[in-house]
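Participant: Below you'll find the structure I mean.
Computed from the coordinates by the stated procedures, all read-outs in this text should not be read as laboratory data. From a predicted model like this one, the values you see are computed outputs, not experimental measurements. Note: ideal-geometry Cβ built from the backbone for every residue, glycine included; neighbour counts use all protein chains shown.
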Amino acid sequence: MAATVPFNFLRFPFSTNAANNEEAAAKTAAVNADSGAPTIFDKIINKEIPSSVVYEDEKVLAFRDINPEAPVHVLIIPKFRDGLTELAKAEARHGEILGQLLYAAKIVAEKEGILDGFRVVINSGPAGCQSVYHLHLHVLGGRQMKWPPG
Ligand code: 5GP
């Protein structure tokens, strides 16, 4: 008798698994989100582990994502986390750094030659598939983006 193969597996044999892994990683990461513990991004800021820096100023650091989802995939983070583990934790006092991060996204897009079209993403919390609890913007481009996102 022929085995029954789930319809989703036939359509998305790899992306479904990848999406499940992302969700599982996000749920695991969320457990320690409010512990205040350093994240991998602190090590990148402190140059304890290498990264490919695209832009840096006094307040923000932009570096290439280790697992790019597009030809251009740059992460932009505040150098001082100041409670901003995730966008959901933003307070009025964070307004200035949030604006600086968004402006840095434009600078990165310009440097990467994708000003004609790019996407800025912030994943917040487990349902948003956030896996590193140090607020970050993803700048994605260099290919046609699709909508709606997953
Ligand atoms: P999130 O899922 O939290 O929105 O995004 C975290 C991002 O950080 C992921 O896209 C992941 O690939 C990236 N990332 C995780 N660890 C490292 C690392 O050690 N170096 C770099 N450059 N990116 C990382």
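Participant: If I fit a long axis through the Cα atoms of helix 15-31 and take the longest principal axis of the Cα atoms of the chain, what angle between them do I get, 0 to 90°, rounded to 10?
Facilitator: Orientation of helix 15-31: about 50 degrees from the principal axis.
Participant: Would you mind finding the longest exposed-site-free stretch of the chain, with exposed GluC sites (Glu not before Pro) meaning DSSP loop and at most 14 other Cβ atoms within 10 Å?
Facilitator: 92-150
Participant: Computed over the Cα atoms of the chain, what is the ratio Rg over Rh, Rh following Kirkwood?
Facilitator: 1.02
Participant: Report, in degrees rounded to the nearest 10, the 0 to 90 angle that the Cα long axis of helix 95-111 makes with the longest principal axis of the chain.
Facilitator: 70 degrees
Participant: What value, in deg cm²/dmol to 500, does the helix sum -39500 (n - 2.57) over DSSP H runs of n ≥ 4 give at 222 nm once divided by the residues of the chain?
Facilitator: Here the helix-only value at 222 nm equals -9000 deg cm²/dmol.
Participant: Can you list residues whose amide H is under 5 Å from VAL60's amide H, if they're 5+ apart or on another chain and H is modeled 1.01 Å from N?
Facilitator: Close amide H contacts, sequence-distant or interchain: LYS79.
Participant: Loop sites only, by DSSP: take the chymotrypsin sites (Phe, Trp or Tyr not before Pro) in the chain that have at most 13 other C-beta atoms within 10 Å and name the longest stretch containing none of them.
Facilitator: 81-150
Participant: Run the reach check for LYS106 against lysines, Cα to Cα strictly under 21 Å, same-chain hits fewer than 8 apart removed. What comes back?
Facilitator: Excluding near neighbours in sequence, the set is LYS59, LYS79, LYS146.
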